[in-house]
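Structure first, then comments.
The values are calculated or read from the model by the stated rules, or taken from the named source; none is laboratory data. Predicted, not measured: the structure shown is a model, and the values here were computed from it. Backbone-built Cβ (ideal geometry, glycine too); neighbour counts: all protein chains shown.
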Amino acid sequence: MSGSGVGDSDAWWAGVLLRQVHQRKHQAIDAALASLGTSMSQYVVLVAVADTPGSSAHELAARTAQTDQSLGALIRRLVDKGLVERASGPGRVHRHRLSAQGYDLVARCEGPVTRVLAEEFSALSDAELSLLRSLLERL
């Protein structure tokens, strides 16, 4: 039934389209990183650890839009792979930083990720992409 509710609103379709773009980008980056033995989810956490060394798991979860539980499981895998080092902090808090191997993997991922993002956003001009970022930052 057309015009009958939320499914016809611009806000609804903006949300649907954002989800579709995210899913397509996620799948493309996963495919590009598979040969390096990693995934977009792991790469996002590695970049967050590189950008904020000494962060707690809770801080990293917030930065990467994950729950504490899912981030904790992901961090454990990255520690087991030797990509992230964990040090005891105050109380039960652990602080995280990349190992040399972690920094090396992030560097090797940059090219494939940059290529995927360039392709995924190729329909937008630089000005449009900048505007999109500004609009999304307001939400």
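Condition first: over 25 Å from residue 118 (Cα atoms), more than 16 Å from the chain's Cα centre (by Cα) and β-branched (Val, Ile, Thr). Can you find one or more residues in the stretch 3-25 that meet it?
Taking every residue of the stretch 3-25 in turn, at least one turns out to be over 25 Å from residue 118 (Cα atoms), more than 16 Å from the chain's Cα centre (by Cα) and β-branched (Val, Ile, Thr).
Among the listed residues 26, 94, identify the single one that is surrounded by 13 or more Cβ atoms within 10 Å (Cβ to Cβ) and modelled with pLDDT under 95.
94
Tell me, please, whether a residue that is more than 27 Å from residue 136 (Cβ to Cβ) and under 16 Å from the mean Cα position of the chain (by Cα) can be found in the stretch 61-70.
Scanning the stretch 61-70 turns up no residue that is more than 27 Å from residue 136 (Cβ to Cβ) and under 16 Å from the mean Cα position of the chain (by Cα).
Quick check on my filter: what residues within the stretch 33-61 are assigned to a helix (DSSP H, G or I), among the polar types (S, T, N, Q) and surrounded by fewer than 21 Cβ atoms within 10 Å (Cβ to Cβ)?
35, 41
If you scan the stretch 77-133, which residues turn out to be among the hydrophobic types (A, V, I, L, M, F, W, C), assigned to a strand (DSSP E or B) and farther than 30 Å from residue 24 by Cα?
Once the filter is applied, which keeps residues that are among the hydrophobic types (A, V, I, L, M, F, W, C), assigned to a strand (DSSP E or B) and farther than 30 Å from residue 24 by Cα, the stretch 77-133 yields only 87.
Scanning the stretch 67-91 for residues that are surrounded by fewer than 18 Cβ atoms within 10 Å (Cβ to Cβ) and of a type in the set (A, V, I, L, M), which turns out nearest to residue 54 (Cα to Cα)?
87
Could you grab the pairs with beta carbons closer than 9 Å, sequence gap of 6+ or different chains, first residue in the stretch 35-47 and closer than 14 Å to residue 65 by Cβ, second one of a type in the set (Asp, Glu) and surrounded by fewer than 21 Cβ atoms within 10 Å (Cβ to Cβ)?
40/30; 41/30
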